[in-house]
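Chemist: Below you will find the structure I want to go over with you.
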Amino acid sequence: MRLKRILQLLVTAFLGQGLTVLMQLLVPPFFLKFYGQGVEVYGEWIALSASVNYLGTLNYGVQTYANNQMTILFTRGDIPGAKAIQASAFRLLLLVLLVFMVGGLVVFVIPVAHMLKLSHVGPQAAALTMYLLILQIGLNMFFSLLTNSYMAVGRLHRGNYISSAQRFLWIISMAVGVAMRSSFPVLAALQLATLLIFTVYALFDLRHTERVLVPSLSDGSWPEVGRMLKPSWHFGLIAMAGFLTWQGPVIVIQRVLGPAMVTLFSLVRVVFQMSRQILSMASNVIGQDITMLVGKSDWGELRRLYDLSERVVLFLIPVVSIGSLLMCPLLFHLWLHDRIDYHPYLCIEMAIVSAVLGLKEHKTQFQSSSNEHEKLSTRIFIGYAIMLAISVFTMRSWGVAGFIVTWLVWEILQTAYVVYLNHKLFPDDAMIDNSLLRRFIIFIIAAFALTSFPAIAAAHWTLPVSTGVALASTLLLAVAAYATFRMDELRVILMSRFQRNRPTEAA
């Protein structure tokens, strides 16, 4: 575990978080401002995008397994084996892209606009938009595999910088397109163009900085492609489960409750999604080190990484989730200029879901980064499918809140199972314990119970009052969480390690 490497990834994670905030500050408000009936137009854009996003699960499956396995083999000195994995992954993705290009043409003969109940975009425009989005997903598979290849040599931060540059151009082009009231096909074409530009640049950068990572199809083989399918499929199941959670509800809400409810649900979710990126950073920045430590079979150091990162995540969850909840009135006012009302009960439910997701993501990171994910993938996919089916009925009875409660129940069950798998991951001489986790459960229940009143009352307070209460409550939570999860011990450990490694890292 190298502190410099983690800090480099932390910087790129902050950059990514900044881009996420920038996107949410520009794209949704621009839709609401520049298009007539902006709420419904934005809801239809989300529904149209969501209807093809599930194809991206193939990307997650192949590139996650391939990049993890490349890194493990590079760490062990098996460079030819790592190159074979990378080249075989590219062969597989070429086949997938060809299927997308040909099979995607079916959107021109099916009633896309009618199926999604679109009223602000014509049938041909809807079909063309969907086809361009399909091509974008296919090209993104190559781009992701290229940028994540840097992980094999411990330089994932460089690939992340290239990805961030692509996202920045994507955001600016989308904002300009929306401001000009461009059609949906034009917006989709702009997204595809930014991806094409940076895919070419990523190849150029690899050739000039890490030539050993430049993909060569001749290094791979179709038998190796066959061996990759099973582990890649399990990663794909995890991603498809994510589709059922994040995109599936959008499609169902669009059909059951209409585009206005899609926009309400999406915007409330986005508030907590943006804040939860802080929690995701604490988990994602250690992914590269988890993979490299597994490659070395250094279980003691991996156990240490688990403990230190867990403290950070458990400290951040109540501060970020509840802090975001209490700041919702101000965020909705500044971001959307009161075009969407503050719904306290909906926000409370989403905050609780966000807290559980933050915990689950940390635990899942150790399974996915070590390529020990097969037991997890099938269960969560089936579980999310059942959850979404049940939520159709709960939404009919209780609206959007019905889905969120159903979602929360499943996330709690799933998190408990991932913790169980974490215990199975470590050998007997490096076992983890749940003492801090039990302390966290008590803490988070008490924290939500105490802050529910100001969260509900804020709907009737002035913005200065609600903001002041939010800041004071978040500060008190931070102080309490700092002591509860022994963050002072962590600070001493990290400072000592930083000072000890400083000459080495500088060299």
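Chemist: Enumerate the pairs (first residue in the stretch 31-47 and touching a residue at least 60 places away in the same chain (Cβ under 8 Å); second residue anywhere and open to solvent by less than 50 Å² (accessible area, probe 1.4 Å) and not in a helix (DSSP H, G or I)) with beta-carbon separation below 6 Å, excluding pairs fewer than 6 apart on the same chain, so at least 6 apart or on different chains.
Modeler: Val41/Tyr35; Glu44/Leu118; Ala47/Leu116
Chemist: If you don't mind, there's one more thing I want to ask. Any chance you could count how many residues in the stretch 193-229 are modelled with pLDDT under 85 and under 20 Å from Leu94 (Cβ atoms)?
Modeler: 17
Chemist: Among the listed residues Leu316, Leu334, which satisfies the condition of being open to solvent by 20 Å² or more (accessible area, probe 1.4 Å), of a type in the set (A, V, I, L, M, F, W, C) and without any contact (Cβ under 8 Å) to a residue 12 or more places away in the chain?
Modeler: The match here is Leu334.
Chemist: In a helix (DSSP H, G or I), touching a Phe, Trp or Tyr at 6+ places or on another chain (Cβ under 9 Å), among the hydroxyl-bearing types (Ser, Thr, Tyr) and at pLDDT below 80: is that true of Tyr42 in this structure?
Modeler: In short, no.
Chemist: Examine the stretch 334-344 for a residue that is in a helix (DSSP H, G or I), within 30 Å of Gly258 (Cβ to Cβ) and at pLDDT 85 or above, and state whether such a residue exists.
Modeler: Looking for residues that are in a helix (DSSP H, G or I), within 30 Å of Gly258 (Cβ to Cβ) and at pLDDT 85 or above, one finds at least one in the stretch 334-344, hence yes.
Chemist: Restricting to the stretch 171-185, what's the tally of residues that are crowded, with 16+ Cβ neighbours inside 10 Å and without any contact (Cβ under 8 Å) to a residue 60 or more places away in the chain?
Modeler: So the answer is 3.
Chemist: Among residues belonging to the stretch 358-406 that are of a type outside the set (S, T, N, Q) and not in a helix (DSSP H, G or I), point out the one that is farthest from Met228 (Cα to Cα).
Modeler: The residue in question is Gly399.
Chemist: If you don't mind, another one. Which ones in the stretch 369-394 are closer than 14 Å to Gln414 by Cβ and crowded, with 16+ Cβ neighbours inside 10 Å? Before you say what the answer is, go through the steps one by one.
Modeler: Here is the first cut: in the stretch 369-394, the ones closer than 14 Å to Gln414 by Cβ are 373, 375-388.
The answer is His373, Leu376, Ser377, Arg379, Ile380, Phe381, Gly383, Tyr384, Met387, Leu388.
Chemist: Can you tell me which residues in the stretch 116-149 are among the polar types (S, T, N, Q), under 26 Å from Val41 (Cα atoms) and open to solvent by less than 10 Å² (accessible area, probe 1.4 Å)?
Modeler: Looking only at the stretch 116-149, we keep the residues that are among the polar types (S, T, N, Q), and these are 119, 124, 129, 136, 140, 144, 147-149.
Cutting the leftovers down to under 26 Å from Val41 (Cα atoms) gives us 119, 124, 129, 136, 140.
Of everything in the stretch 116-149, just one residue is among the polar types (S, T, N, Q), under 26 Å from Val41 (Cα atoms) and open to solvent by less than 10 Å² (accessible area, probe 1.4 Å), namely Thr129.
Chemist: Among (1) modelled with pLDDT of 80 or more; (2) open to solvent by less than 20 Å² (accessible area, probe 1.4 Å), where does Asp298 come up short?
Modeler: (2)
Chemist: Continuing with this model, one more query. Taking the stretch 395-436 on its own, how many of its residues are open to solvent by less than 20 Å² (accessible area, probe 1.4 Å) and without any contact (Cβ under 8 Å) to a residue 40 or more places away in the chain?
Modeler: 1
Chemist: Okay, moving on. Given the condition farther than 19 Å from Met350 by Cβ and touching a Leu at 6+ places or on another chain (Cβ under 9 Å), answer yes or no: does some residue in the stretch 444-462 qualify?
Modeler: Step one: filter the stretch 444-462 for residues farther than 19 Å from Met350 by Cβ, giving 446, 460-462.
If we keep only those that are touching a Leu at 6+ places or on another chain (Cβ under 9 Å) as well, we get none.
No - not one qualifying residue is present in the stretch 444-462.
The values are calculated or read from the model by the stated rules, or taken from the named source; none is laboratory data. Quick caveat: nothing in here was measured; it's all calculated off a predicted structure. For neighbour counting, all protein chains shown are included, and Cβ atoms are generated from backbone atoms with ideal geometry for every residue, glycine included. Heads up: the accessible areas ignore ligands, DNA and RNA and are worked out on the full protein's heavy atoms, side chains in. Shrake-Rupley method; radii C 1.70, N 1.55, O 1.52, S 1.80 Å.
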